[in-house]
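Structure below; questions to follow.
The values are calculated or read from the model by the stated rules, or taken from the named source; none is laboratory data. Values in this document were obtained by computation on a predicted structure and should not be read as measured data. Note that we place each Cβ from the backbone using ideal geometry, even for glycine, and neighbour counts take in every protein chain shown. Just so you know, the surface numbers come from the protein's heavy atoms only, side chains and all, with ligands and any DNA or RNA stripped out. Shrake-Rupley method; radii C 1.70, N 1.55, O 1.52, S 1.80 Å.
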Amino acid sequence: MKKFTMIDEEFICEHCGKKVEKLKVTARDHCPYCLYSKHVDINPGDRQNPCKGLLKPVGIEKFKDTFKIVYQCEKCRKQHKNIMAKDDDMNKIIEISKQK
């Protein structure tokens, strides 16, 4: 089972450059505007991954009553999934879900 460390911080997105506010409900882990993330964790919130590559959103999967964003690291090529946040740009979710 993965350990979870609660870290909810604001940041500047390294892909689109927008300021991203704290989520305030759970830990923020990706940009709600472009949906990019950063490969910083081994276990959620631990900030121990040495890769630090950008995680590009490459797909969407249905998960319970929401969706998971499928990422691929642009540096090490590993795939990662995370649940979408309540304030994610739904148009981006739809756009990514249509990619092949």
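Within the range 28-47, is even one residue among the polar types (S, T, N, Q), more than 18 Å from ILE69 (Cα to Cα) and surrounded by 13 or more Cβ atoms within 10 Å (Cβ to Cβ)?
No, the range 28-47 contains no residue that is among the polar types (S, T, N, Q), more than 18 Å from ILE69 (Cα to Cα) and surrounded by 13 or more Cβ atoms within 10 Å (Cβ to Cβ).
Looking only at the range 53-76, filter to residues that are aromatic (Phe, Trp, Tyr) and farther than 14 Å from CYS34 by Cβ; which one of those is surrounded by the fewest Cβ atoms within 10 Å (Cβ to Cβ)?
Filtering first and then ranking leaves PHE63.
Those residues that are part of a loop (DSSP other than H, G, I, E, B) and either surrounded by 12 or more Cβ atoms within 10 Å (Cβ to Cβ) or at pLDDT below 85 (or both), I need them from the range 1-13; list them, please.
MET1, LYS2, LYS3, PHE4, THR5, MET6, ILE7, ASP8, GLU9, CYS13
Within the bounds of the range 24-34, is there any residue that is touching a residue at least 12 places away in the same chain (Cβ under 8 Å) and farther than 16 Å from ASP88 by Cα?
Just the residues of the range 24-34 that are touching a residue at least 12 places away in the same chain (Cβ under 8 Å), to begin with: 24-34.
Restricting the remaining residues to those that are farther than 16 Å from ASP88 by Cα gives none.
No: zero hits.
In the range 35-47, how many are within 17 Å of ASP89 (Cβ to Cβ) and either in a loop (DSSP other than H, G, I, E, B) or without any contact (Cβ under 8 Å) to a residue 40 or more places away in the chain (or both)? Please lay out each step first, then the result.
If we filter the range 35-47 for residues that are within 17 Å of ASP89 (Cβ to Cβ), which is where we start, we get 35-37.
With either in a loop (DSSP other than H, G, I, E, B) or without any contact (Cβ under 8 Å) to a residue 40 or more places away in the chain (or both) added as a condition, the list becomes 35-36.
Total meeting the criteria: 2.
Based on what the data block shows, is PRO50 in contact with a Phe, Trp or Tyr (Cβ under 6 Å, 6 or more places away or on another chain), surrounded by fewer than 17 Cβ atoms within 10 Å (Cβ to Cβ) and part of a loop (DSSP other than H, G, I, E, B)?
It is false that PRO50 is in contact with a Phe, Trp or Tyr (Cβ under 6 Å, 6 or more places away or on another chain), surrounded by fewer than 17 Cβ atoms within 10 Å (Cβ to Cβ) and part of a loop (DSSP other than H, G, I, E, B).
Every residue, every condition in (1) among the aromatic types (Phe, Trp, Tyr); (2) modelled with pLDDT under 85, yes or no:
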residue	(1), (2)
HIS15	no, no
ALA27	no, yes
TYR33	yes, no
ASP41	no, no
GLY45	no, yes
LEU54	no, no
GLU61	no, no
ASP65	no, no
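I've got another one for you. With respect to ARG77, determine if the residue is outside any strand (DSSP E or B), at positive phi, free of Cβ contacts under 8 Å to residues at least 40 places away in the same chain and among the basic types (Lys, Arg).
So ARG77 passes the test.
Considering only residues that are open to solvent by 90 Å² or more (accessible area, probe 1.4 Å) and out of contact with any strand residue (DSSP E or B) (no Cβ under 7 Å at 6 or more places or on another chain), look in the range 77-93 and name the one that is nearest to LYS24 (Cα to Cα).
The selected residue is LYS86.
Which count do you get for residues in the range 6-63 that are farther than 16 Å from LYS75 by Cβ and among the β-branched types (Val, Ile, Thr)?
Result for the range 6-63: 6.
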